[in-house]
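Student: Please read through the structure below; I'll follow up with questions.
What follows is calculated from the coordinates using simple rules that are stated; it is not laboratory data. Being a predicted model, the structure only gives us computed values, none of them experimental. No Cβ is skipped: glycine too gets one built from the backbone with ideal geometry, and neighbour counts run over all protein chains shown.
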């Protein structure tokens, strides 16, 4: 591509990043840190630990066991499991064997899993539970290459080609007489930096999933670059709550392993509030939805408490603005902040366990208002940016260099270019090898000069901080030629505690409209208090009083937008968006195309009057 008029670039300090492999990362981390609590997990109501040495022994046994079952270097091995220590053990074992890991989201349905297994040609798969095993059994007859299914849990009955993890461990330990730990390490370390380590299928908000091939060095270099700008030590504890099948959490896990951070696996997303109190982590990576929910919960206070919270919010913002601008807050703000801290902020920090150094936010844009509030409350959220194709980190804010509303500067070794159409382009050692078996798609994504085309729209400021403004293909161009970036408007609406999801529509239409999924827990409680009775949620959202209430909440968030940006109408949807029904990607992003297709009737109804006017009917 080269430089063109209107483009802008920023290159981070090259920083001579070492090249390496994830196998090397694992063994060096074990030797360097050698902690009794490399990992924590909850079983039988209590937290238990796994040492680095035990972890290495189990990884070695699993790898040798897989080899005994016929898995060899270059084979694809899938992983279908929720977050748990066995996920990481299986991952490192497959890498040590020289095979390629194919992670699969635990929430996917059988037909979706079949596509990924077929496309990757996986010969083996790890599954966590009997429920996940059943999914594989339903599709296995259609997958001749799939020879081995390894189940983490001790399920009562097995079929041909299925084994329990403990049996794999036993076979591996039996083989250790012939393969010493030193010999095993030497063989595992034959992996090369440019070898493919993993194929991750992008869930995507549109189209079929594509297999992203990441090499050992793609991820290894990303860990090294991130370590240069974010401090983490063996004194830290991280709570793992995002799916390990997503590259954000997976690279976080490698980063934590490399730096000796104890990794505590959350029991489930529902258990996160309790696990925060139990584990008392110092580092928590998550997606904006977690922070939005915490913020909405704080802001949903009522009566006198609501007045206190709103006052504390204003104090937090004044404090944050002064501190982030490098100024000392004035005396009035300092005194108010001390009082707000005692009454509101300290309680918020206690809910995170009381030891948190920072949250990391990725996967989707974080509303700046939420970041300012948390910063003012003494809870640091470091927003970053990246994609599966970039391993994933390209940019991140740091405690030392932070600008709310941006995703930070590029990490060492990374170049960012803003093309003349506003698209963000990335070049660096973390950019993928390509899409599996899709050379045309690879050539479309990575140009001849090595720039990866992200599909995101953004801006670079003079200091190299990157601001994401929208997805390239999500930009709405109305029939009147007005360009609207929907994400910032949707994110603003979702700050309202009455709103769970917001999707803006309007491309090639006369005006924008918005689909709203209410926060049903809040709305249903309000309906009962106001004597509104409905047989189901469809009846509830159709009630005129509910519509009036929700319109007031939604449009009240949009008063300072340009007129053409404000949705003319809203439709209330009776269904919550979930991963299982296909509305959300596993990283909790709305599948815009799916939503538009499923709610086509409601969308058309919002434009019905306009169509009738255009047709001369009214």
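Student: Need one word for segment 311-384: rounded, prolate or oblate. Basis is the Cα gyration tensor (sqrt eigenvalues a ≥ b ≥ c); a/c below 1.5 gives rounded, then a/b vs b/c decides.
Tutor: oblate
Student: Let me ask you something else. Rounded to two decimals, what is Rg over Rh for segment 43-191 when you use alpha-carbon atoms and the Kirkwood radius?
Tutor: 0.96
Student: Need the full-extension length gain, residue 596 to residue 48, defined as separation in residues times 0.36 nm minus the C-alpha distance. One decimal, nm.
Tutor: Length gained, residue 596 through residue 48: 192.7 nm.
Student: Something else: When only Cα pairs under 8 Å and 6 or more residues apart are kept, what is the percent relative contact order across the chain?
Tutor: The normalised contact order for the chain reaches 13 percent.
Student: Grab the alpha carbons of segment 475-614, take their convex hull, and tell me the volume per residue in Å³.
Tutor: Dividing the Cα hull volume of segment 475-614 by its residue count gives 118 Å³.
Student: If you don't mind, another one. Arrange 114, 604 by Cβ neighbour counts within 10 Å, fewest through most, would you?
Tutor: 604, 114
Student: By DSSP, what percent of the beta bridges with both residues in the chain are antiparallel, rounded to the nearest 5?
Tutor: 55 percent
Student: Using alpha-carbon positions, what is the distance between the centroids of segment 483-502 and segment 527-588, in Å?
Tutor: First find each Cα centre; the distance between them is then 11 Å.
Student: Where the centroid of each part is defined by its Cα atoms, how far is segment 268-319 from segment 328-353 in Å?
Tutor: 14 Å
Student: Another question, then. Please report how far the C-alpha centroid of segment 142-209 lies from that of segment 370-394, rounded to the nearest whole angstrom.
Tutor: 33 Å
Student: Go ahead and run the numbers for FRET between residue 343 and residue 280, Cβ-Cβ distance against an R0 of 22 Å, rounding to 0.05.
Tutor: After rounding, the FRET efficiency stands at 0.45.
Student: I've got another one for you. Which number do you get for Rg(Cα) / (2.2 N^0.38 Å) in the chain?
Tutor: For the chain, the normalised Cα radius of gyration is 1.00.
Student: Also: Compute the FRET efficiency between residue 331 and residue 304 as 1/(1 + (r/R0)^6), taking r as their Cβ-Cβ distance and R0 = 35 Å, and round to the nearest 0.05.
Tutor: 0.85
Student: Shifting gears a bit: Assuming 0.36 nm per residue, please report the length gained on full extension of the stretch residue 57 to residue 560 beyond their Cα-Cα distance.
Tutor: Gain on extension, residue 57 to residue 560, equals 175.1 nm.
Student: In segment 43-191, what % of DSSP beta bridges are antiparallel (nearest 5)?
Tutor: 5 percent
Student: May I pose another question? Would you please give the FRET efficiency between residue 437 and residue 508, computed as 1/(1 + (r/R0)^6) with r the Cβ-Cβ distance and R0 = 51 Å, to the nearest 0.05?
Tutor: Efficiency computed from Cβ-Cβ geometry: 0.90.
Student: Gain in length, residue 141 to residue 479, computed as 0.36 nm per residue apart minus the alpha-carbon separation, to one decimal in nm?
Tutor: That works out to 116.7 nm of additional length.
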